[in-house]
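Step one of this worksheet: look at the structure below.
The values are calculated or read from the model by the stated rules, or taken from the named source; none is laboratory data. Given the structure is predicted, the values throughout are model-derived calculations rather than measurements. As a convention, Cβ positions derive from the backbone with ideal geometry for all residues, glycine included, and neighbour counts pool all protein chains shown. Side chains are part of the model used for accessible areas, which takes the heavy atoms of the whole protein and leaves out ligands, DNA and RNA. Shrake-Rupley method; radii C 1.70, N 1.55, O 1.52, S 1.80 Å.
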Amino acid sequence: MRLSSYLILSDRLKNGGYAALSGLSGAIELISEGLYQLLEKITLSGEPRSLCIEKDSLPPDILETFIRRGHITEISHEEERSYVKEVASALHEISAAHPNVVVIPDLDCNYRCIYCFEKPLQSKLKERKTKMDKVGVDNFYRSIDQLASQIGPISGGITLYGGESLSAENKEVVGYIVEKGVKNGHKFFAVTNGHDLDAYLGLLGRDKISNLQITIDGPQSIHDRRRIALDGSSSFQKIMNNIGRAIKETDVSIGVRVNLDGDNYQAFGELLSVFDQEGWLNDNRISVGAAIVDQRDQRGAVFPVQDINKVKAELSGVTGQYPNVEIGSQRSSSRGRVLSSLASSKPYGLRSSYCAASSGMYIFLPDGTISSCLDSLGEECSYIGSYSAEGLFLDKDKIAHRFNRSVANIPACLDCKYCLVCAGGCAQYAEYNFHDIYPLLRRFSGDLLLGIGGGCREIS
């Protein structure tokens with residue numbers, strides 16, 4: 001018998017004991033201090049792919065459970081690795097069978113946020129069509145019908161994105177998008193700055209735009225200097241008032257996002273106090289998710305501006321009391337999957353692709369082009385096709401390159417115990433950092449780093 005090559009042991013839990021996660025089956029166990037010490041001793045005893053364990057070193061019931069749930073195995077690392085590849089391929093095939101659809105009603109924006117990753121796109125707006133019209137909407141729906149017939153049913157609803165997805169000046173076209181989509185059985189999610197949300201109250205609700213993501217970056221004095229409204233108004237007051245009205249007058253659900261860096265993370269507790277006074281932290285229709293800001297250097301490489309573990313540690317005292325508040329990073333969603341698994345008593349949600357940009361995200365821009373990634377919206381590396389009155393055109397070579405990326409196709413990932421947990425990291429960050437979304441294991445500054453956008457370094 002040997003320990004599985006994909007056994008993951010946690011740090012010590014706050015209430016004592018430890019957890020063990022099988023990166024192959026998704027099974028999670030709570031284990032005692034003594035069992036953890038035994039397993040850790042074995043993991044440090046030799047080559048990670050051949051860690052033997054004596055059957056009589058564990059009580060029979062624990063041994064039987066660990067074998068059944070994948071923590072201990074009789075097969076070799078090579079056989080396990082082959083199985084991981086099969087699982088990864090199957091998971092990716094399932095994801096790829098359901099396209100994710102995003103529509104951009106307006107590439108322009110009424111904000112100029114200081115950290116916006118779309119700045120390069122904003123500087124080129126004069127060169128392209130920035131607003132969708134009703135003809136474009138008709139072409140969009142004709143194209144997603146073709147997409148569904150060629151690939152499979154659309155996954156979930158349609159995402160409205162931007163620029164600014166819900167600008168007041170584009171209300172007529174957005175209304176046309178939503179009304180036509182609802183008739184065809186679609187639901188909608190919108191990523192918006194919330195500045196003009198009061199103009200859209202009639203389009204919010206479970207049977208229309210059912211979910212929103214809106215960013216608030218701190219108390220008013222901090223938020224207003226980071227998220228700058230072009231009309232000169234206080235973006236903080238406008239957004240707060242609009243969220244209050246949306247919650248009071250509709251049944252929409254809202255995810256409030258907070259982008260953290262060294263400038264504002266220490267004021268996060270003060271911001272939560274403001275939300276608490278509004279009654280938002282006890283409302284099950286509101287969730288608060290903070291994320292670390294990523295930036296690109298002069299070479300185009302992406303890096304986080306703050307240590308997420310340090311931020312979590314410093315803010316744990318103010319976040320722990322609120323069940324609907326979470327601090328993560330733009331590249332990690334593992335904690336939510338762990339909590340979901342524990343709450344449902346079901347296995348951890350293993351995945352082989354980091355996000356839909358690696359399996360099938362189709363972003364329809366106003367100028368008739370289609371992109372594959374929100375982070376590289378409108379860039380050449382993200383281009384996968386076009387749409388018009390003549391129908392849908394997809395570049396098969398670019399589609400294959402972008403949407404076949406999974407850990408099954410990255411050899412270095414298959415030997416990593418986290419591969420079906422981190423899912424290979426962000427393909428676009430790999431593109432930025434290494435100019436390749438299928439990079440090999442690379443050596444940098446004496447440390448082994450996977451050229452996958454740093455995804456596995458976010459596991460904690």
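Enter the per residue convex hull volume of the chain, computed from alpha-carbon coordinates, in Å³ rounded to the nearest integer.
On the way: hull volume 70.8 nm³, N = 460.
Given the Cα convex hull of the chain, per-residue volume reads 154 Å³.
Send over a whole-number figure in Å² for the accessible area per residue of the chain, probe 1.4 Å.
Values: 21340 Å² over 460 residues.
Heavy-atom accessible area per residue stands at 46 Å².
Figure the gain on full extension for residue 79 and residue 270 (residue separation times 0.36 nm, minus the Cα-Cα span) and round it to one decimal in nm.
Details: separation 191, 0.36 × 191 = 68.76 nm, distance 5.23 nm.
Taking 0.36 nm per residue and subtracting the Cα distance, the gain is 63.5 nm.
Aspartates and glutamates near residue 187 by alpha-carbon distance under 13 Å, same-chain residues fewer than 8 away left out - which ones?
Partners found: 179, 207.
Roughly what % of Cα-Cα distances in region 40-199 sit above 21 Å, to the whole percent? Present the calculation step by step, with values, prior to reporting the outcome.
Details: 8190 of 12720 pairs.
The share of Cα pairs beyond 21 Å in region 40-199 comes to 64 percent.
As I understand it, the value is the acute angle between the Cα axis of helix 268-277 and the longest principal axis of the Cα atoms of the chain; what does it come to in degrees, rounded to 10?
Value to nearest ten degrees: 60.
Excluding same-chain residues fewer than 8 positions from residue 238, which lysines have a Cα within less than 17 Å of its Cα?
248
Just to confirm the number: angle between the C-alpha axis of helix 235-249 and the first principal axis of the chain, 0 to 90 degrees, nearest 10?
Tilt of helix 235-249: around 80 degrees.
Go ahead and estimate [θ] at 222 nm for the chain from helices alone: -39,500 (n - 2.57) per DSSP H run with n ≥ 4, summed, over the residue count, rounded to 500.
Working: 15 runs with 153 residues, N = 460.
Taking each H run of at least 4 residues, the total per residue is -10000 deg cm²/dmol.
Would you mind checking the tilt of helix 171-183 against the longest principal axis of the Cα atoms of the chain, expressed as 0 to 90 degrees and rounded to 10?
Relative to the chain, helix 171-183 is tipped by roughly 60 degrees.
Which pairs in the list 41/85; 85/417; 180/396 are over 19 Å apart, alpha-carbon to alpha-carbon? Show your work: numbers first, answer last.
Values: 41/85 28 Å; 85/417 12 Å; 180/396 29 Å.
From the list (41/85; 85/417; 180/396), the Cα-Cα distance tops 19 Å for 41/85; 180/396.
What is the chain's relative contact order, in percent, from Cα pairs under 8 angstrom and six or more apart in sequence?
Details: 825 pairs, mean separation 74.4, N = 460.
Relative contact order comes out at 16 percent.
Could the peptides 81-92, 416-427 be put in order, highest first, of the mean number of other beta-carbon atoms found within 10 Å of their residues? Write out the running numbers ahead of the final one.
Values: 81-92: 18.2, 416-427: 26.3.
Going by the mean number of other Cβ atoms within 10 Å, highest first, we get 416-427, 81-92.
If you place +1 on the Cβ of every Lys and Arg, -1 on the Cβ of every Asp and Glu, and leave all else neutral, what size is the dipole of the chain about its Cα centre, to the nearest 20 Debye? Write down the numbers at each step before the final one.
Numbers: 50 positive and 57 negative charges, 40 e Å.
Roughly 200 debye, rounded to the nearest 20.
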